[in-house]
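Asks: Mind looking over this structure? Questions follow.
The values are calculated or read from the model by the stated rules, or taken from the named source; none is laboratory data. All values reported here derive from a predicted model rather than from experimental measurement. Positions of Cβ are generated from backbone atoms using ideal geometry, with glycine treated the same way; all protein chains shown enter the neighbour counts.
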Amino acid sequence: MKKYDVVTTLSYPKTGAMGKTGTWRIFRPILNKDKCVKCLRCWIFCPEGAIIRKEDDSVEIDYDYCKGCGICARECKVKAITMEREE
Amino acid sequence: MKVVVDTGNHIAALAAKLAKPDVVAAYPITPQTTIVEKIAEYVAKGEFSGDYICVESEHSAMSACIGASAAGARTFTATSAHGLLLMHEMLHWAALARLPIVMVNVNRAIGPGWTIWSDQNDSMAQRDTGWIQIYCSSNQEIFDSIIQAFKLAEHKDVQLPVMVCYDGFILSHTSMPVKVPEQKEIDDFLPKREPAWVLDPENPVTHGNIIMPKDYPSIRKAMQDAQENAKKLIPEIAKEWKERFGTYHGDLIEKYRCEDADYIILSYAALGAESKVAIDMLRKEGKKVGLARLRTFRPFPSEDILSLAENADLIVIDRSISIGFEGPLFTEVKSCLYEKSDARVYGFIAGLGGKDVRYTDIGKIVDRVIERKQDGVLWYDMEGGK
């Protein structure tokens, strides 16, 4: 459909359109997999989509884009995520 | 082709209908009201195929137009005076987003004191928004300009919103005969819009996201380039219209009896039409005076004005005032002549708040210049026509 360009502010969604926002982080969430009960509250609440949900509902943290807000640690009912200051 | 006798506002509504906008979002305000009433009537009678959105303010009207235009719709609205001022933020938004919205602004003076009569302070205050501004001086020009405005706005080299302006009551509520082409002929002249980008859930895009300082100047420069492109396209579109439908009102400016003129009046909108009558009167008196009626204020026809100033002094009549300085057209005319012309430029303020300016008044303005009674900017209104 698009036959010509116009200069204005357009951006198309892609991972990391604004660069690796994980560099903004001051506190780093650390996941203790032994405590995790796969409730997925962290995955639901993460505002950045930086919690990666695996096939078996276990989770991993995408440190390239996690800004360290700590919401996952606050929402985790079994305290499987702790926030530690970045070095 | 048929001839319709109707008011400027009803002619504007008819032009808007024939341009087949997908969306009209508007809020009524005197003296624009009868445009939106007429469009509502078209909707009620099933003669209008687009969506008509009733909104709660002009800020919302322009916001709805922006959303619709961003989704790819051909979009029309209309307003006046305080309505236009309330839209101001979104006018910038529409232009920076490069959305080809067409809007009628029925010029009305600003209150307080409460006024519904014409002057151009409302649209002149939108000068820097990026909108193309066209000023009309007859109902035929209103009709032709609105349909041409869609073609101009939607041109791939322009992609800017266009404001079509005309004086409240003087044109908006005055009936004149207008040649109206058939729908099929309008459709041939104005094909469907082909947007450069659209908001589409199937192909997601973010518009208006953050832009870093290093990139921002380029979007402003692109708007400036688009206005320059419009300067070339306005005459081309007017020529195509003339060939198809026979009516023509000038390119960026309409020149009248300028060839051998010692003095040329520069004005716009209804004062431009009144000046034409004044020119005939002055010519009969043996005074070599011509008229250049500006049809566009943005883009500004600086090259045309420079060429007019080669052999004539210029008399600028503004129905508008930039408080603290002078008439806006007076300022711009002098600016484009700077270091390029020795022509003298005389500035007059006339007709604010709808104060009547007759062709005899324009004759008196010209006489003042010829008799060298003019010094600086003259508030003709305050003279009481003396």
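Asks: When the residues of segment B:160-198 are filtered to those that are within 14 Å of chain A (Cβ to nearest Cβ) and under 17 Å from the mean Cα position of the chain (by Cα), which remaining residue is surrounded by the fewest Cβ atoms within 10 Å (Cβ to Cβ)?
Replies: B:161
Asks: Hey, another quick one. Out of (1) over 11 Å from the mean Cα position of the chain (by Cα); (2) not in a strand (DSSP E or B), what's the single condition that is false for residue A:83?
Replies: Single failed check for residue A:83: (2).
Asks: Let me ask another. Taking the conditions exactly as written (under 12 Å from the mean Cα position of the chain (by Cα), more than 30 Å from residue B:158 (Cβ to Cβ) and away from chain B (no Cβ under 14 Å)), does residue A:28 satisfy them or not?
Replies: When the stated conditions are applied, residue A:28 passes them.
Asks: Tell me which residues, restricted to segment B:334-385, are among the charged types (D, E, K, R), loosely packed, with under 13 Cβ neighbours inside 10 Å and closer than 25 Å to residue B:303 by Cβ.
Replies: B:339, B:340, B:342
Asks: Got at least one residue in segment B:221-233 being among the small types (Gly, Ala, Ser), within 18 Å of the chain's Cα centre (by Cα) and more than 13 Å from chain A (Cβ to nearest Cβ)? It would help to see each step written out before you state the result.
Replies: So the first thing to find is which residues in segment B:221-233 are among the small types (Gly, Ala, Ser), and the list is B:222, B:226, B:230.
From what is left, the residues that are within 18 Å of the chain's Cα centre (by Cα) are B:226, B:230.
Checking the rest, the ones that are also more than 13 Å from chain A (Cβ to nearest Cβ) come to B:230.
Looking for residues that are among the small types (Gly, Ala, Ser), within 18 Å of the chain's Cα centre (by Cα) and more than 13 Å from chain A (Cβ to nearest Cβ), one finds at least one in segment B:221-233, hence yes.
Asks: Out of curiosity, is residue B:248 more than 14 Å from chain A (Cβ to nearest Cβ), of a type in the set (Ser, Thr, Tyr), over 18 Å from residue B:162 (Cβ atoms) and surrounded by fewer than 17 Cβ atoms within 10 Å (Cβ to Cβ)?
Replies: Yes: the conditions hold for residue B:248.
Asks: Further question: Being part of a loop (DSSP other than H, G, I, E, B), surrounded by 12 or more Cβ atoms within 10 Å (Cβ to Cβ) and in contact with a helix residue (DSSP H, G or I) (Cβ under 7 Å, 6 or more places away or on another chain) is the requirement here; does residue A:64 meet it? Steps first, please.
Replies: Values: part of a loop (DSSP other than H, G, I, E, B): yes; surrounded by 12 or more Cβ atoms within 10 Å (Cβ to Cβ): yes; in contact with a helix residue (DSSP H, G or I) (Cβ under 7 Å, 6 or more places away or on another chain): yes.
Considered against the rule, which asks whether it is part of a loop (DSSP other than H, G, I, E, B), surrounded by 12 or more Cβ atoms within 10 Å (Cβ to Cβ) and in contact with a helix residue (DSSP H, G or I) (Cβ under 7 Å, 6 or more places away or on another chain), residue A:64 comes out as yes.
Asks: Could you tell me whether segment A:8-24 includes any residue that is modelled with pLDDT of 95 or more, more than 30 Å from residue B:225 (Cβ to Cβ) and more than 14 Å from chain B (Cβ to nearest Cβ)?
Replies: no
Asks: I'd like to check which helices (runs of 4 or more DSSP H) are fully inside segment B:38-150 and have at least 2 residues that are among the hydroxyl-bearing types (Ser, Thr, Tyr), in the same structural domain as residue B:237 (by TED's automatic domain parsing) and modelled with pLDDT of 95 or more.
Replies: B:58-70
Asks: Turning to a different aspect of this structure: Any idea which of A:5, A:64 is of a type in the set (Asp, Glu) and within 14 Å of another protein chain (Cβ to nearest Cβ)?
Replies: Values: A:64 fails: within 14 Å of another protein chain (Cβ to nearest Cβ).
Just a single option satisfies the conditions, and that option is A:5.
Asks: Does residue B:100 fit the bill of being in contact with an Asp or Glu (Cβ under 6 Å, 6 or more places away or on another chain) and farther than 30 Å from residue B:323 by Cβ?
Replies: yes
Asks: All but one of (1) closer than 17 Å to residue B:319 by Cβ; (2) touching a Cys at 6+ places or on another chain (Cβ under 6 Å) hold for residue B:75; state the number of the condition that does not hold.
Replies: Here residue B:75 meets the rest and fails (1).
Asks: Additional query: Is it the case that some residue within segment B:211-230 is modelled with pLDDT of 95 or more, acidic (Asp, Glu) and outside any strand (DSSP E or B)?
Replies: Yes; the residues of segment B:211-230 include at least one that is modelled with pLDDT of 95 or more, acidic (Asp, Glu) and outside any strand (DSSP E or B).
Let's see how each residue does on (1) assigned to a helix (DSSP H, G or I); (2) of a type in the set (Lys, Arg); (3) without any contact (Cβ under 8 Å) to a residue 40 or more places away in the chain:
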site	(1), (2), (3)
B:305	yes, no, no
B:325	no, no, yes
B:335	yes, no, yes
B:362	yes, no, no
